[in-house]
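See structure below.
The values are calculated or read from the model by the stated rules, or taken from the named source; none is laboratory data. Here the structure is a predicted model, which is why all the values come from computation and not from measurement. With ideal geometry, Cβ positions are generated from the backbone for all residues, glycine too; neighbour counts draw on all protein chains shown. When the accessible area is computed, the model is the full protein with side chains, heavy atoms only, and any ligands, DNA or RNA have been set aside. Shrake-Rupley method; radii C 1.70, N 1.55, O 1.52, S 1.80 Å.
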Amino acid sequence: MNKKPFVTKKQLAEIIKKYPTPFHIYDEKGIRENAKAVREAFAWNKGFKEYFAVKATPNPFLIDILRDYGCGCDCSSLTELMLSNAMGLNGEDIMFSSNETPACEYEYANQIGAIINLDDFTHIDFLEKTLGKLPETLSCRYNPGGVFTVSNGIMDNPGDAKYGFTTEQLFEGFKIMKEKGVKNFGIHAFLASNTVTNDYYPMLAKQLFKVAVKLKDETGADIKFINLSGGVGIPYTPDQTPNDIRVIGAGVKKVFEEVLVPAGMGDISLYTEMGRFMMGPYGHLVTTAIHAKHTHKEYIGCDACAVNLMRPAMYGAYHHITVMGKENAPCNHKYDVVGSLCENNDKFAIDRMLPEIENGDLLVIHDTGAHGSSMGYNYNGKLKSAELLLKEDGSVELIRRAERPADYFATLDCFDIYKKMGF
Ligand SMILES: *Cc1c(COP(=O)(O)O)cnc(C)c1O
């Protein structure tokens, strides 16, 4: 089975004349069509808003595309807040879903009017001490513990996750927050990651809606929004069936009408914080095969490495690879496709059956649009690659230049040694 790249070999041949490999390239058309489908799938909910998880792809050009479809930003750090604010977002367009949050980040979030989503019971007190008083609007992240299951088995293990309030803490927290003057309440939960099933959001929503009804009954809190957060997945392997956001939206609507509407809570706004689903499939890492090594295994060395895409090294994640121009050639060679780090887990693929690869072949590594470039690091002094946007008209725009050595050394610029190095 196969996955089709959104660029052709001919297009790439043109692109690499100006922008040498490796680079990430994003597909504007795909991003737009998907964002539109998300908006339509939840259009039945008047207050619906997708807060794009900035950490997935913190590029202002891409976030700007999503803003055309009403998206805000979900942030979890000072610099993500700064990026969103610099783009002209503020107030209710920004969700601050952080954890283990430093006081200065709460201060900044409050200053720009972001909605604060607390990760822990003790942060009620911490936030009050930090800001002087609690904001009028406040959200809490819920973690019911145990395992999260859908009909076909265990999806994830919230009981093992560091995030969120327990059920008792949530009820106690809402009472305290209400006493302390909070007027508008939100509930948030992220209970399973990269779910490739249309059942996750509806199952999660049902659980949260029931909790919301109970919270309102027991604490009198005015619950304004329920945030289903991220976790909607994408098919990294070619045999998986992609989620259908329209089916997901309809599934959530059904439980909304079953649980919230009869409780007189039909005006609650639904929020999401999807990252992977919004961008993942619309990014490719493009790299050139530069060495073929024949030892105890067959290795293809490429000019990208885990610095450009860490997921395979970090989680053993599968990313599909297309050898450009050899889409129809038989996959009769078994390769480890590797990068240049002095780290044996720097492998984009292990024992992967691919067409015969020659030096100079262009490889497209699929589904790098989320948690790809952003997860990169600088191990071995390797520099992060450029990001390009393939626009709807077929033209290509540079949306982040590749790092240069001077970027790597910039954190030494307060020392004399830096001047001597002469960058
Ligand atoms: C990472 C994260 C997301 C996005 O998750 P995806 O799996 O990319 O959809 C959303 N909200 C929070 C709080 C997160 O940490």
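Look at the range 223-244: where a residue is part of a loop (DSSP other than H, G, I, E, B) and a partner is among the basic types (K, R) and within 14 Å of the ligand (Cβ to nearest atom), sitting 6+ places away or on another chain with Cβ atoms under 8 Å, you get G230/R276; G233/R276; I234/R276.
Counted as qualifying within the range 327-423 are the strands (runs of 3 or more DSSP E) with 3 or more residues that are of a type outside the set (V, I, T), namely 333-338, 347-354, 386-390, 396-400. If only residues of the range 154-183 that are outside any helix (DSSP H, G or I) and crowded, with 17+ Cβ neighbours inside 10 Å are counted, the one that is nearest to the ligand (Cβ to nearest atom) is Y163.
For D120, state whether it is assigned by TED's automatic domain parsing to the domain that holds M274 and part of a helix (DSSP H, G or I). Considered against the rule, which asks whether it is assigned by TED's automatic domain parsing to the domain that holds M274 and part of a helix (DSSP H, G or I), D120 comes out as no.
Report yes if some residue within the range 374-381 is without any contact (Cβ under 8 Å) to a residue 24 or more places away in the chain and more than 23 Å from K29 (Cβ to Cβ); otherwise report no. No: zero hits. Can you confirm whether the range 283-291 contains a residue that is open to solvent by 50 Å² or more (accessible area, probe 1.4 Å) and either closer than 30 Å to T195 by Cα or β-branched (V, I, T) (or both)? Yes, some residue in the range 283-291 is open to solvent by 50 Å² or more (accessible area, probe 1.4 Å) and either closer than 30 Å to T195 by Cα or β-branched (V, I, T) (or both).
Tally time: how many residues in the range 256-286 are assigned to a loop (DSSP other than H, G, I, E, B), of a type in the set (D, E, K, R) and away from the ligand (no atom under 16 Å from the Cβ)?
Taking the range 256-286 and keeping what is assigned to a loop (DSSP other than H, G, I, E, B), we get 261-268, 273-275.
With the extra rule that they be of a type in the set (D, E, K, R), the set shrinks to 267, 273.
From what's left, away from the ligand (no atom under 16 Å from the Cβ): 267.
Qualifying residue count, the range 256-286: 1.
Within the range 189-201, identify whether any single residue is assigned by TED's automatic domain parsing to the domain that holds L134, part of a helix (DSSP H, G or I) and touching a Phe, Trp or Tyr at 6+ places or on another chain (Cβ under 6 Å), and answer yes or no. For the range 189-201, residues assigned by TED's automatic domain parsing to the domain that holds L134, part of a helix (DSSP H, G or I) and touching a Phe, Trp or Tyr at 6+ places or on another chain (Cβ under 6 Å): absent. Scanning the range 184-191 for residues that are within 16 Å of the ligand (Cβ to nearest atom), aromatic (F, W, Y) and either open to solvent by 10 Å² or more (accessible area, probe 1.4 Å) or at positive phi (or both) turns up at least one hit. Screening the candidates A410, A386, A406 for the property of being under 26 Å from G30 (Cβ atoms) and either exposed (fewer than 12 other Cβ atoms within 10 Å of the Cβ) or out of contact with any His (no Cβ under 6 Å at 6 or more places or on another chain) (or both) yields one hit, A386. Can you work out which of the residues in the range 138-153 that are part of a strand (DSSP E or B) and out of contact with any Phe, Trp or Tyr (no Cβ under 8 Å at 6 or more places or on another chain) is nearest to I112 (Cα to Cα)? Among them, the one singled out is F148. Summed over the range 193-244, the residues that are away from the ligand (no atom under 16 Å from the Cβ), surrounded by 15 or more Cβ atoms within 10 Å (Cβ to Cβ) and of a type in the set (V, I, T) give a count of 4.
Here M324, M314 are screened, and the one residue that is within 25 Å of the chain's Cα centre (by Cα) and either open to solvent by less than 10 Å² (accessible area, probe 1.4 Å) or not assigned by TED's automatic domain parsing to the domain that holds I234 (or both) is M314. Close Cβ contacts (under 7 Å, 6 or more residues apart or on different chains) running from residues in the range 179-198 that are more than 30 Å from E136 (Cα to Cα) to residues that are at pLDDT below 95 and away from the ligand (no atom under 13 Å from the Cβ) comprise T197/V150. Counted as qualifying within the range 1-111 are the strands (runs of 3 or more DSSP E) with 1 or more residues that are more than 14 Å from the ligand (Cβ to nearest atom) and not β-branched (V, I, T), namely 23-27.
Kindly indicate whether any position in the range 295-311 is open to solvent by 20 Å² or more (accessible area, probe 1.4 Å), within 16 Å of the ligand (Cβ to nearest atom) and of a type in the set (A, V, I, L, M, F, W, C). Checking the range 295-311: at least one residue is open to solvent by 20 Å² or more (accessible area, probe 1.4 Å), within 16 Å of the ligand (Cβ to nearest atom) and of a type in the set (A, V, I, L, M, F, W, C).
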